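Undergrad: Structure in structure tokens, see below.
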Amino acid sequence: MKSVKVPLGERSYQIVIGPSLLKAVGRKCKQLKLGQSCAVITDDRVEPLYAKPTIDSLKASGFNVTLITIPAGEKSKNLRLVQNCYDQLAQARLERNSFVLALGGGVVGDLAGFVAATYLRGVDFVQVPTTLLSQVDSSVGGKVGVNLKAGKNLVGAFYQPRLVLCDLDTLQTLPPREFKAGLAEVIKYGIIDDARLFKKLESEMERILKQDPKVLGSIIAKCCQIKAKVVGADEKESGLRATLNYGHTIGHAIEAITRYGTFLHGEAISIGQIAAGVLSHALCQFPEKDMERIRALFEKAKLPTSLRFTATQREKLMKAMQLDKKVSNGKVKFVLASRIGSVSPGHVVPNDMIHAVLEQIGLESSES
Ligand SMILES: NC(=O)c1ccc[n+]([C@@H]2O[C@H](COP(=O)([O-])OP(=O)(O)OC[C@H]3O[C@@H](n4cnc5c(N)ncnc54)[C@H](O)[C@@H]3O)[C@@H](O)[C@H]2O)c1
Ligand SMILES: [Zn+2]
């Protein structure tokens, strides 16, 4: 078992990573002296797999538990379901000292976290992430929220959990495509902060894909450590936290123009990270050989590294980038790398250079 601290003064919390942790949920919540009653929010795919052991553990430690199950999938991250959760919490008479526990992937974590942040002006919140993406990324750092018709994550809050429990065993039931998509964020941590992690991923990728628990545990812990360090230094994203968006400017645009239906987030940001690597080579002396190592690692992880779009789609992609909520003063900003393990945010890149890179990574027009 490994433990990583997110250093936020009085609001600091632990991320615990290891096998068989679901059965320790109750004991861990008790140690934190959380209130007697709680709501477990999960989705209808995770519920039949992991709700019972979680609830049994909570009950064995003396907690009263209400179970709330939402439909699986991104579409559930909406205000109607938030309202529905509030109603169920009120019906179960959950009071100010009760807590909400998110059991599931990033969708459940973001929605349940927003419910916890706002119900009775905030009740305690515990995250039990069950996807690789949520274990290394969304459960750490306190961003919670839901989507609007106008765009993703447009309503939300910064609200830190009291505890994050990553049970490695839960990943065994994750569809392989979802697991690989999570690896795109894992590789990102190597690129933005840790050349040694990147090297380890290069040498251990086969074992990681087989979900060897020892390697996986230490890699997830490393990723959480990096995110914890970044969030601890810049909780509300005024600078350093933006580095976590490496590969996301183009990645988000790819997701948007394909209406979130073609690529998983991790797949879109794999292509985005390749594009950011090419831009880094052009603008930040990012070495060609590092670019090749990045491409090779994504290929080893069986993630996409190129895409072919029509000219019309490419125009849409440029427009989608302008609409991204991270754009300020109308300027699209990129996180770029100077070498593996070191990036900086805030690079303004001329449009013609973005076009050139899209061509170079295989997004060239098939209409012309
Ligand atoms: N808050 C943040 O900082 C942050 C960061 C990154 C992403 N996100 C958000 O996270 C969401 C994506 O999260 P995700 O990739 O975990 O997707 P997800 O929550 O939709 O889970 C993916 C699928 O896997 C299923 N599933 C979950 N755990 C499982 C398990 N152990 N076994 C079998 N099936 C399982 C789910 O039911 C779902 O169908 C997006 O909404 C994104 O905006 C938030
Ligand atoms: Zn991401």
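We did not get these values from a lab; they are worked out from the coordinates using the rules stated. Predicted model only: the values in this text are computed from it and were never measured. Cβ placement follows ideal geometry from the backbone for every residue including glycine, while neighbour counts extend to all protein chains displayed.
Undergrad: Rounding to the nearest 20 debye, state how big the charge dipole of region 195-275 is about its Cα centre with +1 on each Lys and Arg Cβ and -1 on each Asp and Glu Cβ.
TA: Numbers: 12 positive and 9 negative charges, 60 e Å.
About 280 debye.
Undergrad: Per q in 0.16, 0.18, 0.24 1/Å, what log10 I(q)/I(0) does a Debye calculation on the alpha-carbon atoms of region 159-242 return?
TA: Computed log10 I(q)/I(0) values: -0.69, -0.85, -1.27.
Undergrad: Hey, what's the Kirkwood Rh for region 176-363 if you take every pair of different alpha carbons, in angstrom? Show your work: numbers first, answer last.
TA: On the way: mean 1/r = 0.0604 Å⁻¹.
So the Kirkwood estimate lands at 16.6 Å.
Undergrad: Using label points projected 7 Å from each Cα along Cα→Cβ, tell me how many nm separate Lys52 and Leu120, to one decimal.
TA: So the label points at Lys52 and Leu120 sit 3.0 nm apart.
Undergrad: Provide the convex hull volume over Cα atoms per residue for region 1-46, in Å³.
TA: Working: hull volume 5.4 nm³, N = 46.
With only Cα atoms used, region 1-46 gives 118 Å³ per residue.
Undergrad: Using helices alone, I'd like the mean residue ellipticity at 222 nm for the chain: each DSSP H run of four-plus residues gives -39500 (n - 2.57), total over residue count, nearest 500.
TA: Numbers: 12 runs with 159 residues, N = 368.
Mean residue ellipticity at 222 nm (helix-derived): -14000 deg cm²/dmol.
Undergrad: Based on the alpha-carbon gyration tensor of region 2-172, what equivalent-ellipsoid semi-axes (square roots of 5 times the eigenvalues) come out, in whole Å, largest first? Don't skip to the end; give the middle numbers.
TA: Values: eigenvalues 87, 63, 55 Å².
Semi-axes (√(5λ), whole Å): 21, 18, 17.
Undergrad: Now, a different point. Using the Cα centre of the chain as origin and beta-carbon charges of +1 (Lys, Arg) and -1 (Asp, Glu), tell me which of Thr173, Ser342, Ala221 is placed farthest towards the positive end of the dipole.
TA: Farthest towards the positive end: Ala221.
Undergrad: Considering the Cα positions of the chain, please state its Rg to one decimal place and its Dmax as a whole number of Å.
TA: 20.4, 67
Undergrad: Enumerate the lysines that Lys302 could reach by cross-link, defined here as Cα to Cα under 18 Å, with residues fewer than 8 away along the same chain left out.
TA: Counting by Cα, and skipping residues close in sequence, Lys302 has these lysines nearby: Lys180, Lys188, Lys199, Lys200, Lys210.
Undergrad: Dipole of region 2-172, Cα-centred, from +1 at each Lys and Arg C-beta and -1 at each Asp and Glu C-beta, to the nearest 20 debye? Walk me through the numbers before you get to the answer.
TA: Details: 21 positive and 13 negative charges, 70 e Å.
Roughly 340 debye for region 2-172.
Undergrad: With r as the distance between the Cβ atoms of Ser338 and Ala311 and R0 = 35 Å, compute the FRET efficiency 1/(1 + (r/R0)^6) and round to 0.05.
TA: Details: r = 32 Å, r/R0 = 0.92.
Taking R0 as 35 Å, the efficiency between Ala311 and Ser338 is 0.60.
Undergrad: Give the relative contact order (percent, whole number) for region 176-363; include only Cα pairs under 8 Å separated by 6+ residues. Please report the intermediate quantities before stating the final value.
TA: Values: 260 pairs, mean separation 53.2, N = 188.
Once normalised by length, the contact order is 28 percent.
Undergrad: Taking the Cα centre of the chain as origin, sum charge times position over the Cβ atoms of Lys and Arg (+1) and Asp and Glu (-1), and report the length of that vector in debye to the nearest 20.
TA: Numbers: 50 positive and 36 negative charges, 171 e Å.
Dipole of the chain, to the nearest 20 debye: 820 debye.
Undergrad: Under the 0.36 nm per residue contour assumption, what length would be gained going from the current alpha-carbon distance of Lys23 and Lys149 to full extension? Walk me through the numbers on the way to the answer.
TA: On the way: separation 126, 0.36 × 126 = 45.36 nm, distance 3.82 nm.
Residue separation times 0.36 nm, minus the Cα-Cα distance, leaves 41.5 nm.
Undergrad: Classify region 41-90 as rounded, prolate or oblate, taking a ≥ b ≥ c as the square roots of the eigenvalues of its Cα gyration tensor: rounded when a/c is under 1.5, otherwise prolate if a/b is larger than b/c and oblate if not. All intermediate terms of the calculation are to be shown ahead of the outcome.
TA: On the way: a/c = 4.15, a/b = 1.49, b/c = 2.79.
Cα axes put region 41-90 in the oblate bin.
Undergrad: Quote the relative contact order of region 2-172 in percent (integer), defining contacts as alpha-carbon pairs under 8 Å separated by 6+ residues. Display every interim value, and only then the final one.
TA: Values: 352 pairs, mean separation 43.9, N = 171.
It rounds to 26 percent for region 2-172.
Undergrad: I would also like to ask the following. Which of the peptides 216-223, 229-236, 261-268 is most tightly packed, and how do the rest follow, going by the mean number of other Cβ atoms within 10 Å of each residue? Walk me through the numbers before you get to the answer.
TA: Values: 216-223: 21.8, 229-236: 16.2, 261-268: 19.2.
Final packing ranking: 216-223, 261-268, 229-236.
Undergrad: What distance in nm separates the simple spin-label points at Glu202 and Ala90, each placed 7 Å from Cα in the Cβ direction?
TA: Simple spin-label model gives 5.7 nm for this pair.
Undergrad: Still on this structure: Would you kindly state how much longer the chain becomes between Asn329 and Ala60 on full extension, computed as 0.36 nm times their sequence separation minus their alpha carbon distance, in nm to one decimal?
TA: 91.5 nm
Undergrad: With an 8 Å Cα cut-off and a minimum separation of 6 or more residues, compute the relative contact order for the chain in percent. Mind dumping the intermediate values first?
TA: On the way: 698 pairs, mean separation 54.7, N = 368.
After rounding, I find 15 percent.
Undergrad: Something else now. Kirkwood hydrodynamic radius for region 1-102: how many Å is it when counted over pairs of different Cα atoms?
TA: Working: mean 1/r = 0.0673 Å⁻¹.
That comes to 14.9 Å for region 1-102.
Undergrad: Would you please classify the overall shape of region 161-204 from the alpha carbon gyration tensor, given that a ≥ b ≥ c denote the square roots of the eigenvalues, rounded means a/c under 1.5, and beyond that prolate means a/b larger than b/c while oblate covers the rest?
TA: Details: a/c = 2.19, a/b = 1.36, b/c = 1.61.
Oblate, since a/c reaches 1.5 and b/c is not below a/b.
Undergrad: In nanometres, what is the gap between the two model label sites at Asp44 and Phe158, each 7 Å from Cα along Cα-to-Cβ?
TA: Calculated label separation equals 3.7 nm.
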